[in-house]
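So the structure is just underneath, and the comments pick up after that.
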Amino acid sequence: MTRLVSRNAAPRTVWQLEQQGLHPLLARLYAARGVTDKAELDYELKSLLPPASLTHATDAAQILADAIEAEARLLIIGDYDCDGATATAVGLRALKSLGATVDFLVPDRFKLGYGLSPEIVDVAASLSPDLIITVDNGIASLEGVARAQEHGIAVLITDHHLPAETLPPADCIVNPNQPGCDFPSKCIAGVGVMFYVALALRAELRERGYFNDHPEPNFADLLDLVALGTVADVVKLDRNNRILVSQGLKRMRAGRMQPGIAALFKAAGRDPKRASAFDLGFLLGPRLNAAGRLADMRLGIECLSTDDPARALQIAQELDNLNRERREIESDMQDQALVLLEALNTDDPAPGVALFDESWHEGVVGILASRIKEKLHRPVFAFAASEGGIIKGSGRSIPGLHLRDALDLIAKRAPGILVRFGGHAMAAGATLREGDFERFQALFAEVAGELLDPADLTRTLETDGALETGYISLDIARLLENEVWGQGFPAPLFVDEFEVEQQRVLKDKHLKLRLRKGNARIDAIQFNFARQPGDRTRAAFRLAINEYMGVESPQLMIEYLE
C-alpha cells in the first residue's frame, strides 16, 4: 500500500520568495523544503562552512604540511565505492599539486574486505610509507591502526561514518560525527571531508610561506569529483553539500572537469553541458561503482586521477562494460530473490527482511537489497557467501529505522553473532558466520519490529501537489533540471488525475502512456511498472525531458499509478 501526502508550502513564505525574485514554481517547491529566504539558495563558494570549523582539520593540515616539508612518503587507503574513489582521487590530486610524494591502495573487497584492516596495513607496509591517510573509512579500524603502529607508520583518519564507543588510536581523526565535533554539516560525504582537509592544508602551507616559491593550486578544480562522490553516496544534501554539488555541476556544464569525469559522461551518452545531480547519481556513479563491485576500484581511481584523456576514455568504456555485466548479474539475483520471497509472506512481510543465497555475487548484494527494499518497503539485508564459512551482507533501510543502530542492538542481544558491522542510518554492512544466518534473520525482524512505528511500514510518497498544465513544458523541465536536488532535498514530485488515451508495454516491463488533462495531451512513461491503469488514473510523476532522434519534448516520469 502506498500513501500520497502533500508537502506543506506556507503561502506567506512562497510570497516572500517570489518577492525576492524566485520563479513562482520554484518558490513553492523551496518553501515546501524548508527554505525561507533566497539567501539560503546562495551556492557560491564563499558560503561554504570554513575548513577550520571541522574538528582536527587544522591538526591534520599541520601533520600533512610537516610531512610534505620533510619529503615523507604518504599513502592514501581508500574505499571501493564511488565516495571512496572520488575521495582518493581528490587526495591524490590535491597532495601531488602541493608537491607531496603520495600513492594509494584500495582493498580488494573480496579478499581484504572494507577499510583499514590489519591485512591491508601489512600490504601497505611493503611500500614503506611514513604516513597512512584513510579516506571514507578508518573510524572503526582499531585493529588496523594498532597494526600500523606496530609497523611504525603514522595514521591520519578522514572519514564520515558513525563511530563506535571507542575510537582508534590514530595520530589524528577528522570526522564530523566524532564526539566533540561541532561542525554543522554532519552529513558531509567522505570526499567532502578529504576536500576540507585539503583546503585546511593549503591554508597551513600558505601561512608557512610555502607558496613563495611553489605554485598555489586552485582546489575549486576538484569540485567535480566532490560533487560526484557526494551525490553517489546518497548523503543528505544540506546547504553545505548543495554548495559543493552546485559548484561541481557548474564546472561540468562549463567543460571544466577532470578527463575521467568527461570520459564517464561520454560513456554514459550524456552531454556534460546539461549535467544534473541525476546524471551523477544514476549514470556516472553506477559506472564507477561497477569497478568496486565486480573487479578492482583501482580502475575507477585511475580513471579519475589520470590527466590523459585517451586513457580516461579507455577506462570509462571498460567501466561501462562492467556496469552492463553488473546489471545482468543483478537481474538474475533479483529473480532468485523473488523466488526466496515467495517462501515468505510478501503480502505481509516481516518488519525486517534478511535474504541469503550462496550463489549471489558479493559485489552486488547492496543493489539487490535496495531493489527488494523498494518492492516490499521494508529494511532489507542481502547476504552472499565469502571465504571460510563467512557471509557478507549489505543492508538498505526505510525512513524510521536507523540501520546501524539496529545492528548495534542485535550485537548487544547476541554477542558474537556479528563478526563486524558498520554504516549509516539508511545503508550498512554486516559480516557473520553462515551458520548464524537464520538467527540473524529472526533477530533483524524482531529488532526492526520494535524500532519501526506501524505507520513506517506504509510507503509514503511526499508530493508537491498538482503541476499546472501550462508548466508542463521544456522551459520548466530545464528550470527544474538545473536546480540541485537529492537526498533530504528531494526532486519535485507532482500528483494529478488524468484521462488515459493510449498505453502500451515496452520490452515487457515499461509502460508508455498518452495522458490527457483538459485540452493538454502529455506523454508519460513508467519504468518497471506493476500494473496498467484504466481509462482514468491518479499519477505521481516527475517532469523530465525526453530526447528522441535529436528532438526534445517534455515527458512525465511516472513514480506511482493508482
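The values are calculated or read from the model by the stated rules, or taken from the named source; none is laboratory data. What you see is a predicted model, and the numbers here were worked out from it, not measured in a lab. Note: ideal-geometry Cβ built from the backbone for every residue, glycine included; neighbour counts use all protein chains shown. These accessible areas exclude ligands, DNA and RNA; they are computed on the full protein's heavy atoms, side chains included. Shrake-Rupley method; radii C 1.70, N 1.55, O 1.52, S 1.80 Å.
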* **Residue order for MET426, MET257, MET1 - accessible surface, 1.4 angstrom probe, largest first** => MET1, MET426, MET257
* **Prolate/oblate/rounded call for the range 461-555, Cα gyration tensor, a/c under 1.5 rounded** => rounded
* Structure fact -> From most to least accessible, 1.4 Å probe, no ligand or DNA/RNA atoms counted, LYS38, LYS111, LYS512, LYS96 line up as LYS111, LYS96, LYS38, LYS512
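Between rounded, prolate and oblate, where does the range 61-198 land on the alpha carbon gyration tensor, with a ≥ b ≥ c its root eigenvalues, rounded for a/c under 1.5, else prolate if a/b exceeds b/c?
rounded
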* With label points built 7 Å along Cα→Cβ from the Cα atoms of ASN8 and LYS509, find their separation and express it in nm. => 4.0
* Relative to the first principal axis of the alpha-carbon coordinates of the chain, what is the inclination of helix 82-97, with its axis defined by its Cα atoms, in degrees from 0 to 90 and to the nearest 10? -> 40
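Can you tell me how much longer the chain between PHE282 and ARG33 gets when fully stretched, taken as 0.36 nm per residue apart minus their C-alpha distance, in nm with one decimal? Mind showing how you got there, number by number?
Values: separation 249, 0.36 × 249 = 89.64 nm, distance 2.26 nm.
Here the segment from PHE282 to ARG33 would lengthen by 87.4 nm.
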* Asked: Given labels modelled 7 Å from the Cα in the Cβ direction, how far is it in nm from ASP307 to ARG270?
  -> 2.7
* Structure fact -> So the carbon and sulfur contribution to the accessible area of the chain, 1.4 Å probe, in percent, is 48
* For the range 1-88, which GluC sites (Glu not before Pro) are both in a DSSP coil and crowded by at most 11 other Cβ atoms within 10 Å? -> GLU44, GLU71
* LYS96 paired with SER47, simple spin-label distance in nm, labels 7 Å along Cα-to-beta-carbon -> 3.3
* Asked: Between the range 305-364 and the range 497-562, what is the C-alpha centre distance in whole Å?
  -> 27
* Ignoring everything but the protein chains, give the 1.4 Å probe accessible area of ASP332 in square angstrom, nearest 10. => 90
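Could you state the accessible area per residue of the chain in Å², with a 1.4 Å probe and every protein chain left in place?
Using a 1.4 Å probe on heavy atoms only, each residue of the chain averages 43 Å².
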* Only Cα pairs under 8 Å and at least 6 apart count here; give the relative contact order of the range 441-561 as a rounded whole percent. => 23
* Roughly how many Å is it from the Cα centre of the range 221-289 to that of the range 397-418, as a whole number? -> 33
* Please get the size of the charge dipole for the range 12-78, origin at its Cα centre, with Cβ charges of +1 on Lys and Arg and -1 on Asp and Glu, quoted in debye to the nearest 20. => 500
* Asked: With every protein chain left in place, what is the accessible area of VAL339 in Å² (1.4 Å probe, nearest 10)?
  -> 90
* Over the chain, what is the percentage of antiparallel beta bridges among all DSSP beta bridges, to the nearest 5? -> 65
* Which residues does a label at ASP221 reach in the range 75-113, if reach means a backbone N under 13 Å from a point 7 Å past the Cα toward the Cβ? -> 93-99
* Can you give the calculated 222 nm mean residue ellipticity of the chain, where each DSSP H run of n ≥ 4 adds -39,500 (n - 2.57) and the sum is split over every residue, rounded to the nearest 500 deg cm²/dmol? -> -12000 deg cm²/dmol
* Could you list, bin by bin from short to long, the percent of Cα-Cα pairs of the range 347-500 in 10 Å steps? -> 10, 35, 25, 16, 10, 3, 0
* Linear extension gain, ILE390 paired with ARG538, 0.36 nm per residue minus alpha-carbon span -> 48.6 nm
* To do: Work out the FRET efficiency for ILE545 and GLU150 from their Cβ-Cβ distance, taking R0 = 56 Å, and round it to the nearest 0.05.
  => 0.50
* Asked: Going down the list LYS373/LYS509; LYS46/LYS250; LYS236/LYS507; LYS236/LYS266; LYS250/LYS512, which pairs span over 23 Å between their C-alpha atoms?
  -> LYS236/LYS507; LYS236/LYS266; LYS250/LYS512
* With everything on Cα atoms, drop me the angle between helix 403-413 and the longest principal axis of the chain, reported from 0 to 90° to the nearest 10. => 70
* **Efficiency of FRET between ARG413 and GLU434 - r from beta-carbon atoms, R0 22 angstrom, step 0.05** => 0.65
* Report, in degrees rounded to the nearest 10, the 0 to 90 angle that the Cα long axis of helix 285-294 makes with the longest principal axis of the chain. => 60
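Compute the orientation-averaged projected area for the chain from the convex hull of its Cα atoms and round it to one decimal in nm².
Across all orientations, the chain yields a mean hull projection of 26.5 nm².
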* Charge dipole (debye, nearest 20) of the range 314-370; +1 at Cβ of Lys and Arg, -1 at Cβ of Asp and Glu -> 180
* Mean separation of Cα contacts under 8 Å, 6 or more apart, over the residue count of the range 1-61: relative contact order % -> 27
* Which whole-number percent is the relative contact order of the chain (Cα, under 8 Å, 6+ apart)? -> 12
* Asked: For the range 116-178 and the range 1-15, what is the separation of their Cα centres, given in Å?
  -> 45
* To do: For the range 470-562, build the charge dipole from Cβ charges (+1 Lys, Arg; -1 Asp, Glu) around the Cα centre, then report which of LEU493, GLY518, ILE472 sits farthest towards its positive end.
  => GLY518
